[in-house]
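Let me begin by presenting the structure, written as structure tokens, before commenting on it.
The values are calculated or read from the model by the stated rules, or taken from the named source; none is laboratory data. Predicted model, so just to flag it, every value in this text is computed and none were measured. As a convention, Cβ positions derive from the backbone with ideal geometry for all residues, glycine included, and neighbour counts pool all protein chains shown.
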């Protein structure tokens, strides 16, 4: 490729009649500097030096109004793309083809605009060579067709000349004798009729020789065209080529004198081998055949051109070496065969490449459709999820709002109750103050966490929100308990408190109390009921009040016991005529001197354990109304505390209270 | 609450110490202030609070009053008595709500007083104000 393009540019330079030695393109000197750099780097695909140099060429050509330099910029751009396309992978081939075609079209437009169409036609060589190198023969042919049409349409004889020559060359390479002959003849016709000096300057010797080669040696046409070639060679001072062919014909005609003269002339010319690469070997073979000897196999193997093989074969036949003739003919046939099969391979490759491209295209289109479908599905799914999440969070918020409203209601109730207590008894100021703190603690949690819950989504995670809800619920329960205590105290104080006597079963009361307090147990603490006897025992009492007292005692035990156990036991024998309940824990216990104080209102042993300090006082009040007794067992010293509730088996029942219940 | 949640605050270079004997209250305050990205520390009583201040001087203390051992008033008194810690911003967060308690708190040297139950907007606006004061002081 490199060789070819270099050759092409030499040709290009040679075509310009007044080419300066150091500026063969006859362009602006500054532009020529850029062009030289571009030419030096055009094959260097590793760096982008070429792009820079060529860009500078364009820039300078515009600045200096050098139309030729500007056109050359496009020629080089095309050359670069062809070079790149040659090394492109099959996947990149499509893009490379498009790039080359586009660059080619741009060059054509520019060349027409600047009136320098010869550059456009020169550049066919580049594009055509690109297609041959990349084995895309169909494209090369369609390119030549296009060139032919363009040049005919534009009546550009030079373009036509180039197209015909390329076509002939291509067909010659493909061993298509008839087409080669056809285009060569058209070439010659054009040459003989044209007035275009550029064409007239072209040496046609080669064309005549090529044309002669399409005929058999015995054919008159062969002789005719060789003669024309000689004349043309003479006219163009191409004596070497002329002598070479004359020598061959002389050998064939057994004109030995003529042959030797021509042969010596050729061999004495130092440029001979550079013109005909295997020329000397051809003469050696011919010499051997004239001696009627078979040339050495090594010598025969150097002749690789089908034309040469054909000549030697015919020559051998002429001189009676029929074996050699047969051999050379077979060899030529094999060479042609390999060329043809190679060409077939190339066509097949190209065709399958096109098929592959088509298949790839279709696959891509199908994949695009799949992706589009998948995208649509995903979007739909997302929308559904989003709507679901939205609906969920909306209901969640609504529930929370409702809960909050309920809490607020409770708070309002509590405040009302608080107000009542305050109004009822000025002596309860201390109680209220204490209560304020007690109430505000759960209230703080309820209000605070509710506020966090009502914040816009995204502020907290679902886990956190669940945790907050739990805090709200727990503290609401705590607040409810507090409220119950306060209301009870208030009811007791106002005398608005009734004992409803009825039958009560010891074990049932105890078990119910345990059940109601189990959830208050600190983790790791065990609570159980231990009756003295499993036998049921029913007596007259207010079972609900008893249960309330036991719950109070058990709750206190739960509050203070962080490890160990809480035991509720019952006994009928501990104190005769009394049912005794004992609540024993393994908590910190109560100092003996505090035994009575804890039953006073608002007394808390540990100020920082939550509670109203009302519980024990309520227990004692309720118990005394039933003729019962609640006290701290100070004799119990096994660690922890023991509270005792003693209920009379046969209580004294005031008149109104029995009638109320029965 | 809107202004505090539309605006992004980054107080990550400030240190806040919350003091309360009830863990749930500490959790609540921490969650309410989570948007501000404070370096957040907690203490369960007065002694722990003083220790925490000695370990690293906070920019702001959110202080409960009723605590076992050294109570909130005493904590303020001790911090104000020490020139090293006298300039810390202190906000009382308390369920005590009588006028006497509030006045006493300010007399001891508290910078602000917030009653429980805490209204989030109040707490946040108070904290923003305090942080602006801290920033002004640092400048």
**Request:** Identify all residues within region B:106-138 that are part of a helix (DSSP H, G or I), away from every other protein chain (no Cβ under 13 Å) and under 20 Å from residue B:29 (Cα atoms); write none if there are none.
**Result:** B:125, B:126, B:127, B:128, B:129, B:130, B:131, B:132, B:134
**Request:** Please verify whether region A:252-269 includes one or more residues that are out of contact with any strand residue (DSSP E or B) (no Cβ under 6 Å at 6 or more places or on another chain), modelled with pLDDT of 80 or more and within 18 Å of residue A:329 (Cα to Cα).
**Result:** yes
**Asked** Is there a residue being within 29 Å of residue A:344 (Cα to Cα) and either in contact with a helix residue (DSSP H, G or I) (Cβ under 9 Å, 6 or more places away or on another chain) or surrounded by fewer than 15 Cβ atoms within 10 Å (Cβ to Cβ) (or both) anywhere in region A:59-79?
**Response** yes
**Prompt:** If you take the residues of region B:85-103 that are within 14 Å of chain A (Cβ to nearest Cβ) and touching a residue at least 24 places away in the same chain (Cβ under 8 Å), which of them is surrounded by the most Cβ atoms within 10 Å (Cβ to Cβ)?
**Reply:** B:92
**Asked** Restricting the search to region A:559-580, which residues are within 60 Å of the chain's Cα centre (by Cα) and assigned to a helix (DSSP H, G or I)?
**Response** A:559
**Request:** Looking only at region B:69-84, decide whether some residue is outside any loop (DSSP other than H, G, I, E, B) and within 14 Å of chain A (Cβ to nearest Cβ).
**Result:** yes
**Request:** Give the residues of region B:4-52 that are farther than 20 Å from residue B:79 by Cβ, more than 11 Å from chain A (Cβ to nearest Cβ) and surrounded by fewer than 20 Cβ atoms within 10 Å (Cβ to Cβ), sorted by residue number.
**Result:** B:7, B:8, B:9, B:10, B:12, B:13, B:36, B:37
**Prompt:** Among the listed residues A:130, A:122, which satisfies the condition of being in contact with a helix residue (DSSP H, G or I) (Cβ under 9 Å, 6 or more places away or on another chain), over 30 Å from residue A:334 (Cα atoms) and either without any contact (Cβ under 8 Å) to a residue 40 or more places away in the chain or assigned to a helix (DSSP H, G or I) (or both)?
**Reply:** A:122
**Residue that is farthest from residue A:465 (Cα to Cα), among those in region B:35-51 that are at pLDDT below 90 and assigned to a helix (DSSP H, G or I)** = B:36
